[in-house]
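A short write-up of the structure that comes next.
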Amino acid sequence: MSRISILSEDAFDGERWLGPVRIVVEDDTIAEVESAVDARADGDSIALVTPGLVDFGVSASGYTDATRPTEPFAAESAFAIMCLRWGVTSVVDLNNSIQVLRHLSTNARAGLGPRIAFAGGRLVSEPSCRNDLTVTLADVSGTIRAQRALGATVVSVGRVDVGLGRIVSDEVRRTGVPLAGTRYRRCDTPGIVVIPEVRSDSGSADFDTLLETEGARYVPQLEASARWTVDGLLQASDAALAAPFLPYSRNFARNKGILGRRIARDVLGRYYGHRDPGDLDDSREERALRHLAAGTCLASSGVGAAGLIPGLSLWAELSRLSQALDVSAALRAATASPADVLPGLHVGKLAPGYAADILLYGGVRRDSNIDSLRGGLVSIMVAGVTHAVSDLSTSTDRLVHDALKEPI
């Protein structure tokens with residue numbers, strides 16, 4: 001059994017600041033968290049630690065222009081490494097195929113990617129994306145049971161009629177698994193509502209109503225809306241970082257000129273549509289603030305939408321959330337709050353018995369802003385395996401260059 005001791009000058013445990021601590025990790029689990037008198041007196045101490053971040057609501061798949069037979073999941077492996085690079089040690093996938101999820105789960109067990117909780121596909125009456133599962137009154141219960149048998153820990157629902165909504169509610173109530181519902185307004189741009197317990201007797205598929213249910217969680221995806229248009233992606237300074245997750249990704253290289261970018265715009269328009277962030281529910285920011293203050297807001301990058309960058313885009317969302325309230329509230333939305341929704345994962349908190357998913361920072365303090373915290377990441381521990389950020393950055397750069405088909 002391996003045993004590691006981490007001495008930190010300050011720590012955020014997912015809910016509150018603890019001050020100087022010593023964390024003892026045994027194998028892949030936190031064994032002890034105890035106060036330290038003066039961590040600064042020890043030359044081996046680090047500045048600050050937090051739990052690994054949880055990205056609640058992604059579609060963990062990518063595109064490559066030409067997948068090699070020996071690397072059929074190259075884009076998904078890029079997703080895993082990029083998540084770790086930015087300290088995202090757990091993700092919740094709401095709409096993906098089981099083969100992708102199995103591959104990512106294998107990476108996670110080896111400490112090479114984030115832990116993954118998943119739904120195994122979104123249940124809908126009519127599909128609007130390729131991984132949707134069209135269900136009927138006759139087979140929806142069997143579909144949910146099959147997803148659960150394959151390891152799903154979340155039920156994900158898109159647009160369904162009221163009859164199907166009633167059956168899904170009954171199944172969720174019976175099994176006790178969280179229900180994640182995608183809300184729409186005039187287009188397929190999602191905002192996610194998570195209801196750990198469905199208490200509505202009507203079985204309504206109206207998630208706006210369910211959002212007001214006691215205990216409901218809300219995933220606003222505020223920052224993601226800036227990338228939900230093709231132009232929003234093309235104008236982003238870091239668009240090239242999203243290369244492994246874009247069709248015709250080579251056209252996002254800065255030296256490809258107007259023609260290449262025009263091709264990319266046309267292709268992206270066919271894949272994703274020219275969606276308008278104005279079509280989003282205008283009340284989402286107000287709701288986000290209310291749920292953030294109550295500790296029932298769950299942070300999500302929205303990765304899976306056009307060009308959002310695994311790991312990095314979650315920090316952009318946390319920055320927006322911190323501006324709405326404060327840094328502690330934003331961090332809680334990516335640590336303890338999702339931990340409360342999925343207690344079986346044992347992630348998101350620095351406490352005995354929880355997974356040894358820990359972020360180590362240098363040169364920052366508890367009063368640092370979100371951008372400073374992001375820049376202060378030094379090491380990422382996932383499942384007790386420690387990765388230097390510098391090594392992960394090198395791996396990420398290689399993946400991006402490979403996707404752009406440019407030599408390093």
Ordering of 230-236, 99-105 by burial proxy (mean other Cβ atoms within 10 Å per residue, highest first)
99-105, 230-236
Within the under-10-Å Cβ sphere about Leu314, not counting Leu314, Lys/Arg +1 and Asp/Glu -1 give a net charge of -2
Name the residues whose placed amide hydrogens come within less than 5 Å of the amide hydrogen of Asp93, ignoring near sequence neighbours (fewer than 5 apart) on the same chain.
Val58, Ala117, Phe118, Ala119
Which residues' amide hydrogens lie under 5 Å from the amide hydrogen of Val160, considering only partners 5 or more residues apart or on another chain, with H built in the peptide plane?
Ser125
Counting only residues 5 or more places away or on other chains, whose amide H sits under 5 Å from the amide H of Leu112 once H atoms are built in the peptide plane?
none
Listed peptides 311-322, 134-145, 289-300 by packing density, highest first (mean Cβ within 10 Å):
311-322, 289-300, 134-145
Per-residue counts of other Cβ atoms within 10 Å, averaged by peptide: what ranking do you get for 336-347, 85-96, highest first?
85-96, 336-347
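Shape call for region 279-408 from the C-alpha gyration tensor, a ≥ b ≥ c root eigenvalues: rounded (a/c under 1.5), prolate (a/b greater than b/c) or oblate?
Values: a/c = 1.71, a/b = 1.25, b/c = 1.37.
Oblate.
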In terms of the Cα gyration tensor, with a ≥ b ≥ c the square roots of its eigenvalues, is region 283-352 rounded because a/c is under 1.5, prolate because a/b exceeds b/c, or oblate?
oblate
Neighbours of Ala330 by Cβ distance under 10 Å: Lys/Arg at +1, Asp/Glu at -1, summed charge 0
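A short reminder: the numbers here are calculations on the coordinates, not readings from a lab. Everything numeric in this text was worked out from a predicted model, so none of it was measured. Ideal geometry is used to build each Cβ from the backbone, glycine not excepted, and the neighbour counts take in all protein chains shown.
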